[in-house]
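Have a look at the structure below, then the notes.
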Amino acid sequence: MFMDIKNLQFSYPKSPLNTVDNFSFTVEKGEVISILGRSGSGKSTLLRLIAGLEMPAGGAFTLNGKKMFCDKTFLQPEKRGIGMVFQDYALFPHMSVEENILFGLPKMSRKDKKKRAQEVLELVELIGFEKRYPHQLSGGQQQRVALARALAPEPELLLLDEPFSNLDTDLQVKIRGDLRRILKKAKTTAIFVTHNQNDAHALADRIVKIKDGKIEKIGRPCDLLGVSPTEIPGMVEITYEELIGV
Amino acid sequence: MNKHLANVNGWTIGAVLIIILLFLPNVSIVTGVFSPVSENWAHIKEFMLFNYIKSSLTLVFFTALFTIIIGLSLAWLIAQYDFPLRNFMKWALILPLSIPPFIGAYTYHGIINYTGVIQKTLRNHFDVTPNPAYFDIMNVPGAIFIYTLFLYPYVYMITRIFLSHQSASLIESARTLGKGPLEIFFKVVLPISRVSIIGGASLVVLEVLNDYGVVKYFGIQTFSTAIFQTWFGLGDLDAAIKLAASLMGIVIFILVIERLLRGGKQFSYSTTKVRPLPLVRLKGRKAVFATLYTVVIFSVAFLIPILQLIDWVILTYGKVPMQDVLFYTKNSVIVAGLGAFLVIVFSLVVGNFSRVVNHKFAKILPKLTVLGYSIPGVVVAVAVITTFIALDRFLAPVYQYLGMDSELVLSVSLFMLISAYVIRFFAIGYNSIETGFDKIGTDFRDASRMLGANSLRTFFKIDVPMMKGAIISGFILVFVDILKEIPLTLILRPFNYDTLATKAFQYASDEKIMEASQASLLIVGVSTIAIFVFHKLLREEPK
Amino acid sequence: MKKSLILLVVAMMLVLAACGSTAKKENGTEKDAVAKKPEKSEVNLYTSRHYDVDNELYKKFEQETGIKVNVIKDEADVLIERIKREGTATKADLLLTADVGRLYRANEEGLLQTVSSDILAKQIPENLRDVDDMWVGLTKRARILVYNKDKVKPEELSTYEALTADQWKNRVLVRSSESVYNQSLLASFIEINGEEKATEWAQGIVNNLAQNPEGGDRDQAKAIAAGIGDVAIMNSYYFGQMLNSEEPEEVKVAESLGVFFPNQETTGTHVNISGAGVVKGSKNADNALKLLEFLTGEEAQSEFASANYEFPVNQNVEPSELLKSWGDFKEQDIPLSALGENNAKAIMIFNEVGWK
């Protein structure tokens, strides 16, 4: 099993209920998983737990055979090899696009770093934007920089927190398609949380529906949501393309 | 498993060490509350305490009120409007902070007293001898006037930074709802800037409470007078410390009340969408009024006293030994620079700790360090001496091992003085740094760690550069405060270590204000340069 | 990271300790390096006298003897507290105060050691030395009356006590009770007239005040010129300063006032004595004694008199021309330790009668 979570427990201080309650789940390599739930359902907390930004009250988590946490160990987030795209991107405002991307690269020669930056920029189609600062970019461009930055260190797992919530509706549809293409092209295992069924539908190989910190349902998008992808405008082409591409 | 423990390690250890160091001297004061009552206590209570508290409260209340009115109105004008001289006034209005209030008091009294320039001119050139009662500022209203003039920049500075960075969308939406400027001011600006107003005003209040120079000269009896009468007059230091401790108690009480009142109304900063407020250009009479208002405040609080000081420097030229001036200036800059640097470094460590360990205790603990700021410096000095002599005794075997012939090493070095500055002014620097941490939030930090950067790399590559503004403004505030500082410097310095402030005090305390003008003017000069540099650095900061 | 923090702190300590020692060196650059060579040839002063003339005299002493004078200046009580806390480890050798009342206090705390020599005995009259030789007087200032020459005839003035009479209602000026000079004045009355009489006097002065006590001694003189009151109690030293001020208006004010030494027919004019004592545990007691002998010697005493308008304690030295022009006067004759003993009592009386 590539990623394995067992009996994950978490609660915020002073809260009587578990925000995440006895959560168990596995993911295959290269899968794109969507965690779907209303706000307050514990989905963002789940993501932060996987990332290592919150400490669980119990449970175990292994990624690619490496123990992320169990009863005895807790691996710091910077040591997990997990990438994350934040809801508001959190691009460092004092760094240019290129500097933002270079920041996350492991120790290697300056030349290799630059090369890698070019690769991911090409992937997100932002060649030529290296010297721009985040505030000089549009929302969609910022999102793609955030994605490039997270992909650059070649994480074993990519987490995306509400990746489309800060975008216009038109843009959402386009970027959704781009994102799936990029993820599949980079063969990245990814988990993203969303409250939007359409997003989940369009992007995910599998959907995990959660409610009150518990898994309600797991399944393929069409099974779970009962809507065929073809019924969502703009989706057909992309799904098709993906089928060919992979 | 404690969920906070994982994120802490070195930061916690560092922060806790720093906080303990900061508290150590204060503890010896706080325990003074419980010391047994001396035979003088009944006398103190009957004749000093209650009357003195009354005048202290009067001073505190009105100074706070006027500094808020002036500071906020200026901050609002500068943050929202464009008018002639605005760009100059933006930083020049901070400059009165560079004049120590007691020098301001001596200077203003010097200007308007019987032999001062106003009465002198009226008498000698116009043959008018006005009623001297009109020219008496040595009373409670006079002291309020002095404190307001030289302390309002605290409110102005903190509120302006807040308004110009945080309020754009709120104010714009109020505008689109058809609200007039006055209504926007009272319904939007005032409520949203409440936290920063209180932040600035509480610094003012603490300064007024711990001040002794102005009230002593003016013959006003306040709580600090009571402390000094008890110590210097009655020779009863224990009772004086007890008084100081009760003053701390009052301050804790006020802080708690303020916190309760504030309740959930803390307006937090939005993390990534920081947009400056576009300026509204004033025209015609409104522009004239705005310019006039700022010019009047600037003149009264800075220009006039400075001109008087310059006049005195010229008058006493050659009478005051000049050869050591460079030496004093250098000393002043060294101690102020080192002190401010350490305050900022410590604030960053503690601030980061308080942010990472997201726990109430970690938020409140650093705030309590403000206590040391509420009582007269010289009481803090005694506590610092006691602490350092104990430290020297503790380290005595080490000194012996190193072959030193003295039992006192740290307590006769500059180290003691700098530490005392850090203890006293930590709260000022921390205030700035904490605001900076609040402003950047935790997302960038999380993002950095998700990119594989550890805590330390994140701190230096992400947090520090993003907080440049807060760091510089905290540094400047502490720097200027240390330049002006007197009681700690006087008693805690090594032999022969004179600074500009001690020189100014030496003359002024001997009623030689004219001779004090040279050192005073240099304090103002160095501070002005620092404030100007600060202004320049902030302007170049990428938005 | 913890390590680097600790390293930083340690480095900072070293730098600061180094700064402290360079400060000492730099101030001594006027002096040639040879004179500095003998080890321990220094004397450490804690002083509440902060006058330029003192610094000049220390420099002169250094040149003559090669003994380096190191100084910390602050309020006397703060310095006493520091010595007390430092205990026998203290670096202080000599404590100088602007008012002997504070030396009494230091002695009560057991912080002083005896100081005596033939030279001191010769240079300082017996009544200006402590009975147990714990400290000696350095200079004197008189607490005089100054008056408006147009409104007050000198014949109307006689004693401090007389100022409490009804004829002076709303005419008397004096600074606040926080001034150590006023505290010593009242302390001397407690010694001479008893507590009850002293309280009556303080009450009488408060009743006759022309305005609430405010400002310093100079301000009392200016208030006369401004017409607020007619007679003020002030220190001769400050009056001398005004007569020699850089501000012509201050000189004019001082010249328009008359000087009167009160209580000439009775107990004598109150004098504030500035003095010094050697600190117990002093490591340079010999040098401290040398400095005391120097400061009470003729050369230094005439400097105090001419540059600082203080009355010399050394009787071989004439007061300055200005001081002489005010005439000879009879001084209060009481044991000086009484001033220190009665200081706290004086404060209480001030508070009780409402002398701000």
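The numbers here are math on the coordinates, done by the rules we state, and not lab data. Because the structure is predicted, anything quoted here is derived from the model rather than measured. Note: ideal-geometry Cβ built from the backbone for every residue, glycine included; neighbour counts use all protein chains shown.
Can you tell me, using C-alpha contacts under 8 Å and at least 6 residues apart, the relative contact order of the range B:443-543 as a whole percent? Before the final figure, lay out the partial values.
Working: 53 pairs, mean separation 24.9, N = 101.
Computed value for the range B:443-543: 25 percent relative contact order.
Rounded to whole Å, give me the distance from the Cα center of the range B:16-84 to that of the range B:444-523.
Distance between centres, Cα-based: 21 Å.
For Cα pairs less than 8 Å apart in space and 6+ apart in sequence, what is the mean separation divided by the residue count of chain B, i.e. the relative contact order in percent? Each step should come with its number before you reach the end.
Details: 671 pairs, mean separation 124.4, N = 543.
Computed over chain B, the figure is 23 percent.
Compute the distance from the alpha-carbon center of the range C:313-343 to that of the range A:34-98, in whole Å.
83
Once every DSSP H run of n ≥ 4 in chain C is given -39500 (n - 2.57) and the sum is divided by its residues, what mean residue ellipticity at 222 nm do you get, rounded to the nearest 500 deg cm²/dmol?
Details: 16 runs with 166 residues, N = 356.
It lands at -14000 deg cm²/dmol.
Only helical DSSP H runs with n ≥ 4 go in: add -39500 (n - 2.57) per run for chain B, normalise by residue count and round the 222 nm mean residue ellipticity to 500 deg cm²/dmol.
Values: 24 runs with 365 residues, N = 543.
Result for chain B, helices only: -22000 deg cm²/dmol.
Using a 10 Å cut-off around each Cβ, can you sort B:T499, B:T528, A:T19 from fewest to most neighbouring Cβ atoms?
Details: B:T499 28, B:T528 18, A:T19 21.
Ranking B:T499, B:T528, A:T19 by Cβ neighbours within 10 Å, fewest first, gives B:T528, A:T19, B:T499.
What is the packing order of peptides B:461-473, B:339-351, taking the mean over residues of other C-beta atoms within 10 Å and listing the highest first?
Numbers: B:461-473: 19.9, B:339-351: 24.8.
Those peptides, ordered most packed to least, come out B:339-351, B:461-473.
Order by neighbour count: C:W326, B:W312, fewest other Cβ atoms within 10 Å first, most last. Kindly include the intermediate steps, with their values, before the conclusion.
Numbers: C:W326 17, B:W312 23.
Ranked by crowding around the Cβ, least crowded first: C:W326, B:W312.
Please compute, for peptide C:216-226, the average count of beta-carbon atoms on other protein chains lying within 10 Å of each residue's beta-carbon.
5
When DSSP assigns beta bridges and you keep just the ones with both residues in the protein assembly as shown, what percent turn out antiparallel, to the nearest 5? Before the final figure, lay out each step's value.
Values: 43 of 75 bridges.
Taking every DSSP beta bridge within the protein assembly as shown, about 55 percent pair in antiparallel fashion.
B:V280's amide H: which non-local residues (gap 5+, or another chain) put their own amide H closer than 5 Å, with H modeled 1.01 Å from N in plane and none for Pro or chain starts?
Amide H to amide H, under 5 Å and 5 or more residues apart or across chains, B:V280 pairs with B:Y81, B:D82.
Do the alpha carbons of any pairs in B:K319/C:K149; B:K503/C:K73; C:K140/C:K330; A:K6/A:K211; B:K512/C:K222 sit beyond 20 Å of each other, and which pairs? Can you show the working numbers first?
On the way: B:K319/C:K149 31 Å; B:K503/C:K73 10 Å; C:K140/C:K330 13 Å; A:K6/A:K211 18 Å; B:K512/C:K222 15 Å.
In this structure, B:K319/C:K149 lie more than 20 Å apart at Cα.
Taking the Cα centre of the protein assembly as shown as origin, sum charge times position over the Cβ atoms of Lys and Arg (+1) and Asp and Glu (-1), and report the length of that vector in debye to the nearest 20. Can you show the working numbers first?
Details: 120 positive and 118 negative charges, 1311 e Å.
The calculated dipole for the protein assembly as shown is roughly 6300 debye.
Can you tell me which of B:186-199, B:365-378 comes out highest on packing, and rank the rest after it, using the mean Cβ neighbours within 10 Å?
On the way: B:186-199: 18.1, B:365-378: 22.0.
By packing density, highest mean first, the sequence is B:365-378, B:186-199.
Based on DSSP H assignment, which helices of chain B show an axial Cα extent of at least 18 Å together with a mean Kyte-Doolittle hydropathy greater than or equal to 1.0? Write down the numbers at each step before the final one.
Details: long enough: B:10-30 (30 Å, 2.22); B:50-80 (44 Å, 1.55); B:140-166 (37 Å, 1.03); B:194-210 (24 Å, 1.48); B:237-262 (37 Å, 1.71); B:284-298 (21 Å, 1.24); B:325-356 (46 Å, 1.61); B:377-401 (35 Å, 1.48); B:414-440 (36 Å, 0.98); B:468-484 (24 Å, 1.68); B:513-539 (37 Å, 1.36).
Counting only whole DSSP H runs, the qualifying helices are B:10-30, B:50-80, B:140-166, B:194-210, B:237-262, B:284-298, B:325-356, B:377-401, B:468-484, B:513-539.
Per residue of chain A, what 222 nm ellipticity follows from adding -39500 (n - 2.57) for every DSSP H run with n ≥ 4, rounded to the nearest 500? Mind dumping the intermediate values first?
Numbers: 8 runs with 82 residues, N = 246.
Result for chain A, helices only: -10000 deg cm²/dmol.
With everything on Cα atoms, drop me the angle between helix C:285-295 and the longest principal axis of chain C, reported from 0 to 90° to the nearest 10.
Around 40 degrees separate the two axes.
Can you pull the mean other chain C-beta count within 10 Å for peptide B:17-23? Present the calculation step by step, with values, prior to reporting the outcome.
Working: counts 4, 2, 0, 0, 1, 0, 0.
That works out to 1 on average.
Taking a cut-off of 27 Å between Cα atoms, list the lysines near B:K179, but don't count ones fewer than 8 places away on the same chain.
List returned: B:K90, B:K187, B:K265, B:K273, B:K283, B:K286.
Roughly how many Å is it from the Cα centre of the range C:198-216 to that of the range B:297-334, as a whole number?
Cα centres, the range C:198-216 to the range B:297-334: 36 Å.
Starting from the range B:298-366, pick out the trypsin sites (Lys or Arg not before Pro) whose DSSP state is loop and whose Cβ has at most 12 other Cβ atoms within 10 Å.
Loop-located and lightly packed - none at all.
Using Cα pairs closer than 8 Å and at least 6 residues apart in sequence, work out the relative contact order for the range A:15-70, in percent. Numbers along the way, then the final one.
On the way: 29 pairs, mean separation 12.3, N = 56.
Relative contact order, the range A:15-70: 22 percent.
Need the list of lysines near A:K113 for cross-linking: C-alpha distance under 28 angstrom, and skip anything on the same chain fewer than eight residues off.
Leaving aside lysines fewer than 8 places away in the same chain, those within reach of A:K113 are A:K29, A:K66, A:K79, A:K131, A:K184, A:K185, A:K187, B:K461, B:K468, B:K543.
For a footprinting-style exposure proxy, rank C:R171, C:R218 by other Cβ within 10 Å, fewest first. Provide the component values of the computation, followed by the final result.
Values: C:R171 20, C:R218 24.
Ordered from fewest to most neighbouring Cβ atoms within 10 Å, C:R171, C:R218 come out as C:R171, C:R218.
Taking trypsin sites (Lys or Arg not before Pro) as candidate sites, keep only those in a DSSP loop with at most 14 other Cβ atoms within 10 Å, then name the longest stretch of chain A containing none of them. Present the calculation step by step, with values, prior to reporting the outcome.
Values: sites that count: A:K14, A:K29, A:R38, A:K72, A:K107, A:K131, A:K187.
Counting only loop sites that pass the neighbour cut-off, the longest clear stretch is A:188-246.
What average number of partner chain Cβ atoms lie no more than 10 Å from the Cβ of the residues making up C:53-65? Working shown, then result.
Values: counts 0, 0, 4, 1, 0, 0, 0, 0, 0, 0, 0, 0, 0.
If you average over the peptide's residues, the count of other-chain Cβ atoms is 0.
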